[in-house]
Amino acid sequence: MQKEKKEITYEQAKNKLEALCSQRELCAKEVRDRLTRWGLPADEHDKLVNHLIEERYVDETRFAKFFAKDKHNLSHWGKSKITFELRNRQIPPEIIIEAIAQIPEEGYEDQLEEMLKKKLKSIKSGTPYDICGKLIRFGLSRGYESGLVIKAAKKLVNTDQEIDYGNE
């Protein structure tokens, strides 16, 4: 038996979103996704999103900066993964560039290296080439740039072997 979806009124959605946006940052796409889930008629989505933007509950630049900072500092994501996720949230390219630019260059490679050191401890066995490959895949999955990942992995495994992992 399927649960009947109760539609929400414009005023209810507005109040819920204002309260939610007061607690945490949301981008316009996340707001539209919630409105769709809540069953608000599609013709009212833009009206409500525009209201939230005008009242500064939703600000794409502010969202992108907080998102980039939090994901880098707390989740240890690299710039590539952060950029990908911001694109998925339909943040304009110029705002993404601005958000990524605030990630400090100093310490960026050190953070990657520390993360790879922790991963290295969990790798049980294998040839230096295999271990290096595992570290590289891990670093790439965290969104770090391939050149930095390969350099850091080779340094940790002490290998000068030529490693080819696709297009670099």
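The values are calculated or read from the model by the stated rules, or taken from the named source; none is laboratory data. All figures in this text were calculated on a predicted structure; none of them were measured in a lab. Please note: Cβ atoms are built from the backbone with ideal geometry, for glycine as well, and neighbour counts cover all protein chains shown.
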Inside the stretch 11-30, the number of residues satisfying the requirement of being under 20 Å from GLN90 (Cα atoms), surrounded by 14 or more Cβ atoms within 10 Å (Cβ to Cβ) and charged (D, E, K, R) is 3
Filter the stretch 106-131 down to the residues that are surrounded by fewer than 16 Cβ atoms within 10 Å (Cβ to Cβ) and among the β-branched types (Val, Ile, Thr), then identify the one that is nearest to ASN158 (Cα to Cα).
THR127
Please work out if ALA68 is touching a helix residue (DSSP H, G or I) at 6+ places or on another chain (Cβ under 6 Å), over 20 Å from SER141 (Cα atoms) and at pLDDT 95 or above.
no
Suppose we keep only residues that are without any contact (Cβ under 8 Å) to a residue 24 or more places away in the chain, of a type in the set (A, V, I, L, M, F, W, C) and in the same structural domain as ALA19 (by TED's automatic domain parsing) within the stretch 31-75. Which one would you say is surrounded by the most Cβ atoms within 10 Å (Cβ to Cβ)?
LEU35
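Yes or no: SER141 polar (S, T, N, Q), within 28 Å of GLU25 (Cα to Cα) and surrounded by fewer than 16 Cβ atoms within 10 Å (Cβ to Cβ)? Steps first, answer last, please.
Numbers: polar (S, T, N, Q): yes; within 28 Å of GLU25 (Cα to Cα): yes; surrounded by fewer than 16 Cβ atoms within 10 Å (Cβ to Cβ): yes.
Taking the combined requirement at face value, the residue satisfies it.
Conditions (1) among the charged types (D, E, K, R); (2) free of Cβ contacts under 8 Å to residues at least 40 places away in the same chain; (3) outside the structural domain of ASP33 (by TED's automatic domain parsing), marked per residue:
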site	(1), (2), (3)
PRO92	no, yes, yes
ILE96	no, yes, yes
GLU113	yes, no, yes
SER125	no, yes, yes
PRO128	no, yes, yes
GLY133	no, yes, yes
GLY139	no, no, yes
GLY143	no, no, yes
GLY147	no, yes, yes
